[in-house]
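Enquirer: Below is the structure I would like to discuss, written out as structure tokens.
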Amino acid sequence: MHGALKRNALRTELDRKRSYGSAMRFSWTDVCARRLAQHGLSTPLDASPAEVVSAMAGTHAQVISAAELSIALRINGATRADVQRADGLVRTFGPRGTVHLLPADELPLWLGALSAIPPGPTSWDEHVRMTGEQTEQVLAAIGEALDGKELTIDELTAALAESVGPWAVDRVMPAFQDLWPRWRTVTHLAGIRGVLCFGANRGRKVTYTNPGVTPAPAHESLPHVVRSYLRAYGPSTPQRFAHWLSAPVKWATEVFASVDLEQVDVEGETAWILAGDTAVPEPVECVRLLPYFDGYAYRVGNQPPALLYPGKASERVLPQNFQYLVVNGAVAGLWHQRKSGRKLAITVETLLKLGKRQRAELDEQAQRVGEIVGATPALTLGAVTVGGHA
């Protein structure tokens, strides 16, 4: 159990058991209290960035500055610079094939689990995709080209053209109104095979390197990822686990069945937790500003939408990738930030009336964001006029 739960006053199991068969009952307030504590949101953690990422079951890192803000928000006194200097994190392809930061010491287990997900049908046309033999040839060449090196996409493309042949780099892959080299259709696969991850940016250019990791066997890695997911997002269901991983529901159900779990009731719905993981912290008044993709990851793991997006939030916030205003674990608005030199303009659009204490905590949260990014914040309450991820 994570330290954040240990530090809080816990209710006993008997206090929360009610006559609903033999299943323990959790209210939505209970669920939010558990998740906010585990994620270091209700009370920031005294932990390293790698420990925070582990507690979150991975941190979405498509936009690295947003990931750095996500992590720093969860650590007492941390800044983006502290996260940038931290050891023990690897940026690679994680759940749903999206870019994540993962703990280096857990990477073999994560890659083993991701490699074990049954592949879905390919979306590439016949003239784009590679045969199984060609795929293995390209993956081996990627690992060799990146061994001990950090290469840009163009440099890696040139290396593959030389080692594999021009067919591997034919510009046939449609992407962003352009055509990319054929080998890039297997970039995600190279990531979960452990022969490719992100290196340090070279200016504005992305680089890749070889982490030198062998995926762990499925019988070790799958239980690890289920436990990581349920610690971060439980109580949950196989269907939501499948959605979080982008995996088949039948397969996810079988994986759930392989782990020692306990059935519970959440607001009349059956869900599961790790066996014995029944602790619930006392609810803490909690107003938080979650950056891009942090709220998205919180949503993907933190279903059901009807409870997470109450009232107007289901129409205003859910459809797009906004930055979330979260109050007591539920989405209560959206926000936008614009940095100019040492100044940071923060606009928060609230979808409910904040009490005096909540408004004060929002001010504190804006100050904390400014501290993390190294700028002086100016908070305005009003409509966010830009679109999602702007």
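The values are calculated or read from the model by the stated rules, or taken from the named source; none is laboratory data. Being a predicted model, the structure only gives us computed values, none of them experimental. We place every Cβ from the backbone using ideal geometry, glycine too, and count neighbours over all the protein chains shown.
Enquirer: Can you tell me which residues in segment 107-144 are farther than 19 Å from residue 174 by Cβ and charged (D, E, K, R)?
Expert: 133, 136, 144
Enquirer: Here is a list: 280, 287. Which entry is closer than 18 Å to residue 38 by Cα, of a type outside the set (Gly, Ala, Ser) and touching a Lys or Arg at 6+ places or on another chain (Cβ under 6 Å)? Write out each step before concluding.
Expert: On the way: 287 fails: touching a Lys or Arg at 6+ places or on another chain (Cβ under 6 Å).
280 is the lone residue from the list that is closer than 18 Å to residue 38 by Cα, of a type outside the set (Gly, Ala, Ser) and touching a Lys or Arg at 6+ places or on another chain (Cβ under 6 Å).
Enquirer: If I go through segment 91-105 residue by residue, how many of them are buried (at least 22 other Cβ atoms within 10 Å of the Cβ) and either without any contact (Cβ under 8 Å) to a residue 12 or more places away in the chain or out of contact with any strand residue (DSSP E or B) (no Cβ under 7 Å at 6 or more places or on another chain) (or both)?
Expert: 1
Enquirer: When residues of segment 173-194 are filtered for being part of a strand (DSSP E or B) and surrounded by fewer than 17 Cβ atoms within 10 Å (Cβ to Cβ), how many remain?
Expert: Selection size over segment 173-194: 4.
Enquirer: Quick one: in segment 344-384, which of the residues that are out of contact with any strand residue (DSSP E or B) (no Cβ under 8 Å at 6 or more places or on another chain) and not charged (D, E, K, R) is surrounded by the most Cβ atoms within 10 Å (Cβ to Cβ)?
Expert: Among residues in segment 344-384 that are out of contact with any strand residue (DSSP E or B) (no Cβ under 8 Å at 6 or more places or on another chain) and not charged (D, E, K, R), the one surrounded by the most Cβ atoms within 10 Å (Cβ to Cβ) is 372.
Enquirer: So, in segment 86-124, how many residues would count as being at pLDDT 95 or above and of a type in the set (Lys, Arg)?
Expert: Within segment 86-124, residues that are at pLDDT 95 or above and of a type in the set (Lys, Arg) number 1.
Enquirer: Here's a follow-up. Please specify each residue of segment 269-291 satisfying the condition of being more than 30 Å from residue 360 (Cβ to Cβ), of a type in the set (A, V, I, L, M) and assigned to a strand (DSSP E or B).
Expert: Across segment 269-291, the qualifying residues are 271, 273, 274.
Enquirer: Sticking with this structure for a sec: Say whether the condition of being touching a Lys or Arg at 6+ places or on another chain (Cβ under 7 Å), modelled with pLDDT of 95 or more and in a strand (DSSP E or B) is met by at least one residue in segment 358-368. Walk me through how you get there before you give the answer.
Expert: Here is the first cut: in segment 358-368, the residues touching a Lys or Arg at 6+ places or on another chain (Cβ under 7 Å) are 365.
Then drop every residue that is not modelled with pLDDT of 95 or more, which leaves 365.
Add one more test, that the residue is in a strand (DSSP E or B), and what stays is none.
No - not one qualifying residue is present in segment 358-368.
Enquirer: Of all residues in segment 243-252, count the ones that are under 11 Å from residue 226 (Cα atoms) and modelled with pLDDT of 95 or more.
Expert: Qualifying residue count for the region: 1.
Enquirer: State which residue is surrounded by the fewest Cβ atoms within 10 Å (Cβ to Cβ) when the search covers only segment 147-167 and only residues that are among the hydrophobic types (A, V, I, L, M, F, W, C) and outside any helix (DSSP H, G or I). Write out each step before concluding.
Expert: If we filter segment 147-167 for residues that are among the hydrophobic types (A, V, I, L, M, F, W, C), which is where we start, we get 151, 153, 156, 158-161, 164, 167.
Now restrict to residues that are outside any helix (DSSP H, G or I): 151, 164.
Details: 151: 21, 164: 19.
If we take residues in segment 147-167 being among the hydrophobic types (A, V, I, L, M, F, W, C) and outside any helix (DSSP H, G or I), then 164 is surrounded by the fewest Cβ atoms within 10 Å (Cβ to Cβ).
Enquirer: So, one more: For segment 326-333, state whether one or more residues are polar (S, T, N, Q), free of Cβ contacts under 8 Å to residues at least 40 places away in the same chain and closer than 30 Å to residue 375 by Cβ.
Expert: Here is the first cut: in segment 326-333, the ones polar (S, T, N, Q) are 328.
Restricting the remaining residues to those that are free of Cβ contacts under 8 Å to residues at least 40 places away in the same chain gives none.
The answer is no; no qualifying residue exists.
Enquirer: Let me ask another. How many of the residues in segment 255-268 are closer than 26 Å to residue 60 by Cβ and out of contact with any strand residue (DSSP E or B) (no Cβ under 6 Å at 6 or more places or on another chain)?
Expert: Residues meeting the conditions: 3.
Enquirer: Can you name the residue in segment 241-258 that is among the hydrophobic types (A, V, I, L, M, F, W, C) and free of Cβ contacts under 8 Å to residues at least 24 places away in the same chain and is also surrounded by the fewest Cβ atoms within 10 Å (Cβ to Cβ) among such residues?
Expert: The initial filter retains those residues of segment 241-258 that are among the hydrophobic types (A, V, I, L, M, F, W, C), namely 241-242, 244-245, 247, 249, 251-252, 255-257.
In the following step, the residues that additionally are free of Cβ contacts under 8 Å to residues at least 24 places away in the same chain were identified as 241-242, 249, 252, 257.
Details: 241: 25, 242: 19, 249: 14, 252: 22, 257: 9.
Taking the candidates together, the pick is 257.
Enquirer: If residue 261 satisfies every condition in (1) under 29 Å from residue 44 (Cα atoms); (2) surrounded by 18 or more Cβ atoms within 10 Å (Cβ to Cβ); (3) at pLDDT below 95; (4) not β-branched (Val, Ile, Thr) but one, which is the exception?
Expert: With respect to (1) under 29 Å from residue 44 (Cα atoms); (2) surrounded by 18 or more Cβ atoms within 10 Å (Cβ to Cβ); (3) at pLDDT below 95; (4) not β-branched (Val, Ile, Thr), residue 261 is out only on (3).
Enquirer: Would you please name the residue that is farthest from residue 282 (Cα to Cα), looking only at residues in segment 1-49 that are charged (D, E, K, R) and at pLDDT below 65?
Expert: Among those residues, the one meeting the criterion is 18.
Enquirer: Hey, another quick one. Does segment 77-84 contain at least one residue that is surrounded by 22 or more Cβ atoms within 10 Å (Cβ to Cβ) and at pLDDT 95 or above? Spell out the reasoning first.
Expert: At the first step, the residues of segment 77-84 found to be surrounded by 22 or more Cβ atoms within 10 Å (Cβ to Cβ) are 78, 83.
Remaining after also requiring at pLDDT 95 or above: 78, 83.
There is at least one residue in segment 77-84 that is surrounded by 22 or more Cβ atoms within 10 Å (Cβ to Cβ) and at pLDDT 95 or above.
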